[in-house]
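Trainee: Here it is, the structure in full.
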Amino acid sequence: MKESHFLNQVVRSLLAGQLKAAADPHRPRWHLAAPVGLLNDPNGFIEHDGRYHLFYQWNPLGCEHRNKGWGHVSSTDLLHWQHEPVALLPTEAYESHGCYSGSAVSDEQGRLTLIYTGNVKYPDGSRTAYQCLARADGEGGFAKLGSVLDLPQGYSGHVRDPKVWHDGQQWLMVLGARTLDDKGEVLLYRGDALDAWTLVGPIAGSGRCGLGEFGYMWECPDLFALGECHVLISCPQGIAPMGEDYRNLYQCGWLAGSFDGTHFAHGAFHELDRGFEFYAPQTTQDSQGRRLLFGWLGLPEENEMSQPTIPYGWIHQMSCPRELFWQDEWLCQRPVAELEALKGEQTRFEGTLGEFPGLAIDSAWLDLDLCGEGSLWFGAVAELVWQPGRINLRRQNWQSGEWETRSSPWAGGRITVLCDRSSLECFIDEGRQSLSARYFPGEKPQLSSGNGDDGCKICLDYWPLAACLVQ
């Protein structure tokens, strides 16, 4: 009865809100966004039986962080997506306060199976969490199999976001965790089956492997092999800013090292995206052998509830799909090759900054070769500023009106910028760094010249990008 009532509410919300959301001039033309309500973490990203599946945290009833279930889209090409039936709604006692983040696998019988966190909060303010299973039911939905893992001893109710894979012998799981003395860790589990897990222990976290004090909670861990080593992506909370590093409320970054199935020896922590909004990414390896990634172009608790999309009944979007690769032992990102198919007719500009004519950037791909010092304006509310050794992305905060900056090292290489109405994704030095942001320039924003050195020359290749909406 509870599920039926919840579904009726979802249908009502969709019927009442889709046209209103679609009318928002900030609504993306080719990025994934929920039809209504709040979208956050990407979940269950997998290629299964010839289709890419992406699930996402979704509150279909409003723009607050409540009523979290899993929305579901699928695609054959990472461009043209279709809505699938809602995968999960928080209707059981073990998930009473949300079906939180997790992952997807093909089980021993080749069935698409979801592993997620059931979140439970109590009236006294305490909470607990369960790791739960749901399996594809053959009719487009998922049958819940219940909780398969309770809280481990020594940890708070903040244990969540299971990422699961098979190493050829056993299932492995990493979980984000917070200890009882407020230290963030990543826990490793092993199991012979998806419903039978044994704790191996923490493999990374605050105070481990030379990191020192490093946050009170590590969310959304993702451990995978890439080339000759392993990478752990995670989102530590509780790290103070250090100069131009760690400027966001919560961080997202990577550690590279060696994983022997039990221990993970790694080097320094590096930010995965140095922009304003990028969090909770999840990766998968596809049939082409690529390590692909989606991130959430959002950040919890940081100005999100004042975004101008909320009056239209929706909030947040995904990043573009990205491919991870190594360059000189550095983890790099680039837009997936499939996005090239959205490009329209190319325009090239070569000349001084003062001669730049301006271009429409409602939906566009820009490749920039720059020198000296200068800047380009994106609408009137964001600016890309370059100088030797440094790229700055500035924007006007939509809540306070103040200007704020995020910075990236720059070796002088090409910069690619993907624009989609209210988002910018900048890939620096062919993807060695990235700067991502939401911004809200209004309708028909223009790229225009800013300040620069006398005679500052730029070379810009420009393509409009076609719309590619979810069907």
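The values are calculated or read from the model by the stated rules, or taken from the named source; none is laboratory data. Computed from a prediction, not measured in an experiment: that's the story for all the values here. Neighbour counts are summed over all protein chains in view; Cβ atoms, including those assigned to glycine, are modelled from backbone coordinates with ideal geometry. Accessible surface areas use protein heavy atoms only, side chains included; no ligands, DNA or RNA. Shrake-Rupley method; radii C 1.70, N 1.55, O 1.52, S 1.80 Å.
Trainee: Tell me the angle of helix 2-22 to the major Cα principal axis of the chain, expressed in degrees between 0 and 90 and rounded to the nearest ten.
Mentor: Taking the Cα atoms of the chain, the angle to 2-22 is about 10 degrees.
Trainee: Taking K and R as +1 and D and E as -1, what net charge do the other residues with C-beta under 13 Å from the C-beta of L199 add up to?
Mentor: -1
Trainee: Pick out, from G102, A34, Y52, the residue whose Cα sits farthest towards the positive end of the charge dipole of the chain, with +1 on the Cβ of Lys and Arg and -1 on the Cβ of Asp and Glu.
Mentor: A34
Trainee: Here's another thing I want to ask about it. Hey, if you put +1 on the Cβ of every Lys and Arg and -1 on every Asp and Glu Cβ in the chain, which of P152, T198, L232 ends up farthest toward the positive end of that dipole?
Mentor: P152
Trainee: Please report the equivalent ellipsoid semi-axes of the stretch 113-177, computed as sqrt(5 x eigenvalue) of the Cα gyration tensor, largest first, in whole Å.
Mentor: 24, 17, 8
Trainee: Find how much the distance from D150 to E404 grows on full extension, using 0.36 nm per residue of separation minus their present alpha carbon separation; answer in nm with one decimal. Mind showing how you got there, number by number?
Mentor: On the way: separation 254, 0.36 × 254 = 91.44 nm, distance 4.22 nm.
Stretched fully, the D150-E404 segment lengthens by 87.2 nm.
Trainee: Would you please give the FRET efficiency between R135 and A268, computed as 1/(1 + (r/R0)^6) with r the Cβ-Cβ distance and R0 = 56 Å, to the nearest 0.05?
Mentor: Between R135 and A268 the formula returns 0.90.
Trainee: According to a simple spin-label model (label point 7 Å from Cα along Cα-to-Cβ), what is the distance in nm between H5 and N451?
Mentor: Going from the N451 label point to the H5 one covers 6.0 nm.
Trainee: Okay, moving on. Per-residue counts of other Cβ atoms within 10 Å, averaged by peptide: what ranking do you get for 441-451, 236-246, 271-281, highest first?
Mentor: Descending packing order for the listed peptides: 271-281, 441-451, 236-246.
Trainee: Here's another thing I want to ask about it. What is the extension gain from R51 to A193, computed as 0.36 nm multiplied by their sequence separation minus the C-alpha to C-alpha distance, in nm to one decimal?
Mentor: Here the answer is 48.7 nm.
Trainee: Can I ask one more? Let's see if you can work this out: charge +1 on each Lys and Arg Cβ, -1 on each Asp and Glu Cβ, no other charges. What is the dipole magnitude of the stretch 5-72 about its Cα centre, in debye to the nearest 20?
Mentor: That gives the stretch 5-72 a dipole magnitude of about 240 debye.
Trainee: Sticking with this one: Using a simple charge model, +1 on the beta-carbon of Lys and Arg, -1 on the beta-carbon of Asp and Glu, nothing else, what dipole does the stretch 64-215 show about its Cα centre, in debye to the nearest 20?
Mentor: Working: 13 positive and 19 negative charges, 56 e Å.
Result for the stretch 64-215 is approximately 260 debye, rounded to the nearest 20.
Trainee: Could you give the accessible area per residue of the chain, probe 1.4 Å, as a whole number in Å²?
Mentor: 39
Trainee: Report, in debye and to the nearest 20, how large the dipole of the chain comes out about its Cα centre when Lys and Arg carry +1 and Asp and Glu carry -1 on their Cβ.
Mentor: Dipole size: approximately 900 debye.
Trainee: Ordering C220, C229 by how much accessible area each has at a 1.4 Å probe, largest first, what is the list?
Mentor: On the way: C220 15, C229 35 Å².
Descending order: C229, C220.
Trainee: Is the C-alpha gyration tensor of the stretch 30-83 telling us rounded, prolate or oblate? Criteria: a/c under 1.5 is rounded; beyond that, a/b larger than b/c is prolate, otherwise oblate. Walk me through the intermediate numbers first.
Mentor: Values: a/c = 2.94, a/b = 1.93, b/c = 1.52.
Prolate, since a/c reaches 1.5 and a/b exceeds b/c.
Trainee: Next question, about the same structure. Lys/Arg Cβ at +1, Asp/Glu Cβ at -1, dipole of the chain taken about the Cα centre: which of S363, F264, L88 is farthest positive-ward?
Mentor: L88
Trainee: Work out the FRET efficiency for W165 and E213 from their Cβ-Cβ distance, taking R0 = 35 Å, and round it to the nearest 0.05.
Mentor: Once rounded, the FRET efficiency stands at 0.75.
Trainee: Could you give each residue of the stretch 347-360 its phi-based ³J(HN,Hα) in whole Hz, using Karplus coefficients 6.51, -1.76, 1.60 with θ = phi - 60°, and x for Gly or Pro?
Mentor: Result, rounded to whole Hz: 10, 10, 10, 10, x, 7, 4, x, 8, 4, x, x, 9, 6.
Trainee: For the stretch 92-160 and the stretch 219-298, what is the centre-to-centre distance using only Cα atoms, to the nearest Å?
Mentor: Using only Cα atoms, the two centres lie 23 Å from each other.
Trainee: Mind scanning K68/K163; K144/K183; K20/K68; K20/K163; K20/K144 and naming the pairs with a C-alpha gap bigger than 28 Å?
Mentor: K144/K183; K20/K163; K20/K144
Trainee: Starting from 0.36 nm per residue, how many nanometres of slack lie between L469 and F349 once their C-alpha separation is accounted for?
Mentor: My answer for the length gained is 40.2 nm.
Trainee: I would also like to ask the following. In terms of Cα to Cα distance under 12 Å, which aspartates and glutamates are near enough to K121, apart from those fewer than 8 places away along the same chain?
Mentor: Cross-link targets: E95.
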